[in-house]
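The values are calculated or read from the model by the stated rules, or taken from the named source; none is laboratory data. Computed from a predicted model, the values in this text were never measured in an experiment. So basically every Cβ, Gly included, is an ideal-geometry build from the backbone, and we count neighbours across all protein chains shown.
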Amino acid sequence: MQVHCRESSVQSSRVSPSPLAHHSLHFGAGAGAGASPICAPAAMISQFFVLSLRGDNIVFRDYRGDVSKSSAEIFFRKVKFWKGEEGEEAPPVFNVDGVNYLHVKHSGLLFVATTRVNPSPALVLELLQRIARVTKDYLGVLNEDSLRKNFVLVYELLDEMIDFGYPQTTSTEGLKSFVFNEPVVVDAARIPSLGPAAMFVQGSKRVPGTAVTKSVVANDPSGKKREEVFVDIIEKISVTFNASGYVLTSEIDGTIQMKSYLTGSPEIKVGLNEDLTVGVRSSAPRDFVPDYSSGNSVGLVVLDDCNFHESVRLDDFETERALTLVPPDGEFPIMNYRMTQEFKPPFKVYPVIEEKGPFKAEVRLKVRADFASNITANMVILRVPMPKTTTRVSFALEEGAVGQTTDFKESTKVVEWCCRKIVGGSDHVLTAKLTLSQERNVNIKKEAGPISMTFTIPMYNASKLQVKYLQIVKKTKSYNPHRWVRYVTQANSYVIRT
Amino acid sequence: MNADSRKGELADLKAQLRQLAGSRQPGVEDIKRELYKKVISYMTIGIDVSSLFSEMVMCSATSDLVLKKMCYLYVGNYARGHPDLALLTINFLQKDCHDDDPMIRGLALRSLCSLRVKNLVEYLIGPLRSGLKDANGYVRTVAAMGVLKLYHIAPSQCTDNEFPAMLRALLLNDPDAQVVANCLCALQEIYTAEVNVSPETAARDREHLLSKPVIYSLLNRIKDFTEWAQCLVLDMVSKYVPSDSDESFDMMNILEDRLQHTNSAVVLAAIKVFLHLTISMADIHQQVYERIKAPLLTLVNSGSAEQTYAVLSHLHLLVLRAPVLFSNDYKHFYCRYSDPTYVKKLKLEMLTAVANETNTYEIVTELSEYAANVDVAIARESIRAVGKIALQQYDVNAIVDRLLQFLEMEKDYVTAETLVLVKDLLRKYPQWSHDCIAVVGSVSSKTVTEPKAKSALVWMLGEYAYDMPDAPYILEGFIENWIEEDSAQVRLELLTAVTKIFFKRPPESIKMLGAALSAGLADAHQDVHDRALLYYRLLQQGVEVAERVVNPAKQAVSVFADTQSSEIKDRIFDEFNSLSVVYQQPSYMFLDKEVRGPIELTEDSGILPLGPTIADDVLPSQLVDATDNDLLLSASDKEESVAAVSNGSHYSGPDLAGFESSSAPPRSTSSPSSTSQVTSTSAAAATSLLDFEDLLGLNTYEVSTPALFSLKLKTKPSLVAQAFQRKWGQLAVALTLVRFVY
């Protein structure tokens, strides 16, 4: 059977007649003619290693001894010089000489697994991601430096997380009893002194997910462990506007993430909007008006779909829209959700592109922040590809502009406009005067754009999904840990076509 | 660090370790730790520190766990290459295997098993055997994996010592789920490898692994397992063939909430089970597609780019199998600015696949936007996608408009891709030649440089010489530059085009034909030379003869050959949730022969009987009396399971037809008939169970769980059978029933 299939290779342009009942291909017991076949179930890796972006080996663990030790080099060369047209990245999974390489990028590091068998790619990639997250839980900060300083601890973790290539326990909590090395805490650069909540605070430019940089096993200098729990609602929004300014597509991909430093495994109840609807799209009762006040939210929050972490119990979800869980240590998503219901985009962009005589054109961008004035967006960056005949660009910012920078990248012909802060309700304008190398430019409008935008808006969420309460179910009344509920919205793909 | 100074440093380390070996000074452990760390860090970056082996071992007589673990790590790394030195470690490892601390027992056992030295195997057997019986779950977990390691070093010693049989016992009875999971990994690997040694036994053993009692006992405690072990279990369940559709539905009921997991690996593993369970029930199979759509789309967007890729590859496979079911979801496949190229490429293929009369306009409009993209690779792919859609569709005007737009962009790569596209269109729809040729005529031949595009242009010039007045003159330009033309493909195409033009417009082209043929005959490229010679000889035979050969009346191409046969596609589908899906190749194409192996449990299990002593017709029933002894059920579950017993076989095939409507016949949870079934079959179940124990070699072990033949059914209202049915019945189902190619 195999020989037969080999002949009809993928490249073959022959159209085979579609065979009937093909799902029941039959294999004889000894089909894999030849030497001892070692074939494994769905999950098995041969090696695990972590490389820096320069290709240095930081951590290397061989579990099965069936892949050459030079795999890290082979892998790195392949990733670095990935074939294909410019700008193409190596895919997360590829095969070189019978060895499968799977990798994820995390915190500027490459986490790689190799295998000779045919595992579930989702499993291996999830596992790599999990290893990165657990390592971060233990080290507080995950980067090359912290890994190098703590590699013995990392090996302790790896030994327990994977045995003979099979994943074992990967829960931060479960691993605690196996870790004996104290983490050498590396100072994360640029951590504001405001404490772990700082990144969600207005004006900070930290990225979500790296908010809490405390190791789960490190002892506090004060000797006292701070009882606290963080619940972050992180929403990534994707919006595409057409040339007339209408929304073509929009979607919110949200995560409710938790990081708990509570002792004694208390149960936590997370209450969401009571009128939250899941999975009902067009058939949702449109005329339904909630007769109770539900905070500021107007109208129903309708999620297309959501999924939950293993630890979440949904007993009260149908009735009260509450999630109950005993949070394990470390950072993990309680719930992911997806929403395609219409929402108000936080920014509107009005571009004007005009030809201004021979060899000249002008691009005028106006940005309007469409949210409340007590909210400030951080690091708002607009990128506009210019016509390829553009040779020079001069910028004119509005009068009194603060914290705005402009740049024209000659090689890519992209204009970048960066505003460190934009307060809700305000307008900002940039005028870019272009010098072109061609006299006539018929298609100047088509050649500039589309505009893409990135930003982070703390304490804002586009979906109106809210954590209404965060109840800690524990007997003693004196127990009152710090509870943080934080919101942040980020642009995932925010595109304005011209 | 150069070689000399490295040597010096190693010698230094060696001396320091030697000095510390016997020392009992306070604080010595800390110094040792630092030295050990240094050694391990060298080891990590690939420096050979095996010369320190004996010193490391000498220093390892310590109670300090941190040191011990580093030593284990070191030993594990070098023992294989230095079997003589490895012997030195046996003593202290064996001693540690009897330590009071279960963690030390476990760690030592793992190190012992990881030495991978064949002549030390004898020292392994004892500790491994006691490890499997250890009171502590962690030690048993390590021991179960240790059996597999032993098997890899010395297969016959592993089987001779009855280790697989011990694993089988643990598989059904161990209270620690991770022990069970490791037993499962080990047994699967061992049985697969054993096929070559004793095919019959191995085949029987694998059958037992896939038998109802094992599958049910795993399913009943699915939530005890870690996410990874759940994947493992689900993968095995996907190879199990239920006896009837009732059983399939019970299994799907139990697994339905796995679709809501945040871990994409669990969800995909569960989906594989669903797809395989329903493969012979076309309508239900289609509903599975509808059901898994939303969870897959959520996963696509909730993880990292890498996870997105893995999930999207699977969605891509499903879309290609049943495009109609996804035709309304096309907007989900629009590219996002932040998507990496490898994700965008998949999305473009999906957009191409789902395009039909209702959505083509939107999709092509979207694709046209990408054609102007800064990302050249994606721009190209987008134009190709438009081309593929055009070949499936009928609206000539819309497509020609797009083509004009593309050419207006005056980007070389866009023009090139467009020309190739137009050529393919013309081959399928010659009737569009008038519109298309107008487009091509506007292209300046100088801007076309890519061989593929050039060939396409040349072909069109030759083919449509009547419609393009200046065709001979454009070709003439090409012929004059024959020498500079690097691509043999283009030169071949030129020969044909010139000859074809000669048949149509001889006076204008006879000179050019002569030039082309002589250039072709002098060409260094064999194929070009041969073709020129062939045409020359044909023309010698007479123009008419030559025309019949070179330019016969052609039929329009109706279907372009698919790059993949449906057989290959089916193979990939069978290997759902594996790398095959990502590579879009069945595993035999990318795996080494020796690792490929005959693991295909799936296929066999459908044909072979379940085993001589296990009655095939045992109904999924539960021994009510036995539940009290059932260790695997928690107290609260016990009550539920009694209530759940009545989930006998109530569905029959015809009922399934009503599945699409929400008014599916409700399934009684207290039906008297099913209760009686339970009692009547319990005896049979018990008898067969006894046989089963014999087979598993359980006689030496105490069996605490006599009956696990039935699934611990879900009793929560939201997930009971009727609700399941109703819920699924509500899913929007595409109007047409899709025919899956099996």
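With the condition kept exactly as written, say whether any residue in segment B:326-343 is of a type in the set (A, V, I, L, M) and away from chain A (no Cβ under 13 Å). No: segment B:326-343 contains no residue that is of a type in the set (A, V, I, L, M) and away from chain A (no Cβ under 13 Å).
Scanning segment B:243-277 for residues that are outside any helix (DSSP H, G or I) and at pLDDT 90 or above turns up B:HIS261, B:THR262, B:ASN263.
Residue by residue, here is whether (1) out of contact with any strand residue (DSSP E or B) (no Cβ under 9 Å at 6 or more places or on another chain); (2) closer than 26 Å to B:VAL343 by Cβ holds:
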residue: A:VAL50; (1), (2): no, yes
residue: A:ARG64; (1), (2): no, no
residue: A:PHE81; (1), (2): yes, yes
residue: A:ILE131; (1), (2): no, yes
residue: A:ASP145; (1), (2): yes, no
residue: A:VAL152; (1), (2): yes, no
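In segment A:350-390, how many residues are hydroxyl-bearing (Ser, Thr, Tyr) and either under 34 Å from the mean Cα position of the chain (by Cα) or loosely packed, with under 14 Cβ neighbours inside 10 Å (or both)? Count: 3.
Just to be sure before I move on: is B:ALA79 closer than 30 Å to B:ALA135 by Cα and within 41 Å of the chain's Cα centre (by Cα) in the structure I sent? Yes; evaluated as a whole, the condition is true for this residue. If you go through segment A:156-181 and keep only what is surrounded by fewer than 21 Cβ atoms within 10 Å (Cβ to Cβ), facing chain B (nearest Cβ under 9 Å) and over 26 Å from the mean Cα position of the chain (by Cα), you end up with A:SER177, A:PHE178, A:PHE180.
B:ARG140 meets all of the listed conditions (1) of a type in the set (Lys, Arg); (2) surrounded by fewer than 22 Cβ atoms within 10 Å (Cβ to Cβ); (3) touching a helix residue (DSSP H, G or I) at 6+ places or on another chain (Cβ under 6 Å) but one, namely (2).
Against the list (1) crowded, with 20+ Cβ neighbours inside 10 Å; (2) in contact (Cβ under 8 Å) with a residue 40 or more places away in the chain; (3) acidic (Asp, Glu), the condition B:GLU162 fails is (1).
Yes/no per residue for (1) surrounded by 20 or more Cβ atoms within 10 Å (Cβ to Cβ); (2) without any contact (Cβ under 8 Å) to a residue 12 or more places away in the chain; (3) of a type in the set (Asp, Glu); (4) more than 10 Å from chain B (Cβ to nearest Cβ):
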residue	(1), (2), (3), (4)
A:MET453	yes, no, no, no
A:ALA462	yes, no, no, yes
A:LYS468	no, no, no, yes
A:ILE472	no, no, no, yes
A:THR489	yes, no, no, yes
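For segment B:486-507, the set of residues classified as over 15 Å from B:GLU450 (Cα atoms) and touching a Pro at 6+ places or on another chain (Cβ under 8 Å) consists of B:ILE501, B:ARG505, listed by residue number.
Determine if segment A:123-132 includes at least one residue that is more than 24 Å from the chain's Cα centre (by Cα), in contact (Cβ under 8 Å) with a residue 24 or more places away in the chain and surrounded by fewer than 24 Cβ atoms within 10 Å (Cβ to Cβ). Among the residues of segment A:123-132, not one is more than 24 Å from the chain's Cα centre (by Cα), in contact (Cβ under 8 Å) with a residue 24 or more places away in the chain and surrounded by fewer than 24 Cβ atoms within 10 Å (Cβ to Cβ), which makes the answer no. Condition check for B:LEU17 on (1) away from chain A (no Cβ under 12 Å); (2) surrounded by fewer than 17 Cβ atoms within 10 Å (Cβ to Cβ): one failure, at (2). The lone criterion from (1) within 43 Å of the chain's Cα centre (by Cα); (2) surrounded by fewer than 18 Cβ atoms within 10 Å (Cβ to Cβ); (3) within 11 Å of chain A (Cβ to nearest Cβ) left unmet by B:SER50 is number (3).
Yes or no, residue by residue, for (1) in contact with a Pro (Cβ under 6 Å, 6 or more places away or on another chain); (2) among the aliphatic types (A, V, I, L, M):
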residue	(1), (2)
A:MET339	no, yes
A:LYS356	no, no
A:LEU365	yes, yes
A:PRO385	no, no
A:THR389	no, no
A:ARG392	no, no
A:GLU399	no, no
A:GLN404	no, no
A:LYS409	no, no
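Looking only at residues in segment A:411-436 that are within 14 Å of chain B (Cβ to nearest Cβ) and part of a loop (DSSP other than H, G, I, E, B), which one is surrounded by the most Cβ atoms within 10 Å (Cβ to Cβ)? Once the filter is applied, the top-ranked residue is A:LYS413.
Residues in segment A:120-152 that are facing chain B (nearest Cβ under 9 Å) and of a type in the set (Ser, Thr, Tyr): 1 in all.
Looking across A:TYR479, A:TYR487, A:TYR469, one residue alone is more than 30 Å from B:SER368 (Cα to Cα) and outside any strand (DSSP E or B). It is A:TYR479.
Do we have B:TYR36 as more than 10 Å from every other protein chain (Cβ to nearest Cβ) and surrounded by 15 or more Cβ atoms within 10 Å (Cβ to Cβ) here? It is false that B:TYR36 is more than 10 Å from every other protein chain (Cβ to nearest Cβ) and surrounded by 15 or more Cβ atoms within 10 Å (Cβ to Cβ). Pull up segment B:207-228, narrow it to residues that are in contact with a Pro (Cβ under 8 Å, 6 or more places away or on another chain) and within 14 Å of chain A (Cβ to nearest Cβ), then point me to the one that is nearest to B:LEU187 (Cα to Cα). So the residue we want is B:TRP228.
Look at B:TYR289 and say whether it is hydroxyl-bearing (Ser, Thr, Tyr), crowded, with 23+ Cβ neighbours inside 10 Å and not in a helix (DSSP H, G or I). Against the criterion (hydroxyl-bearing (Ser, Thr, Tyr), crowded, with 23+ Cβ neighbours inside 10 Å and not in a helix (DSSP H, G or I)), B:TYR289 does not qualify.
Checked against the criterion of being within 19 Å of B:SER444 (Cβ to Cβ), acidic (Asp, Glu) and modelled with pLDDT of 85 or more, segment B:491-505 has at least one qualifying residue.
Here the condition is being touching an Asp or Glu at 6+ places or on another chain (Cβ under 7 Å), at the interface with another protein chain (Cβ under 7 Å from one of its Cβ atoms) and at pLDDT 90 or above; of A:PRO41, A:PRO92, it holds for A:PRO92 alone. Using the structure shown, decide if A:VAL231 is outside the structural domain of A:TYR138 (by TED's automatic domain parsing), at negative phi and at pLDDT 80 or above. So A:VAL231 passes the test.
Restricting to segment B:57-84, and then to whatever is polar (S, T, N, Q) and not in a helix (DSSP H, G or I), can you tell me which residue is farthest from the other protein chains (Cβ to nearest Cβ)? Looking at residues that are polar (S, T, N, Q) and not in a helix (DSSP H, G or I), I get B:SER60.
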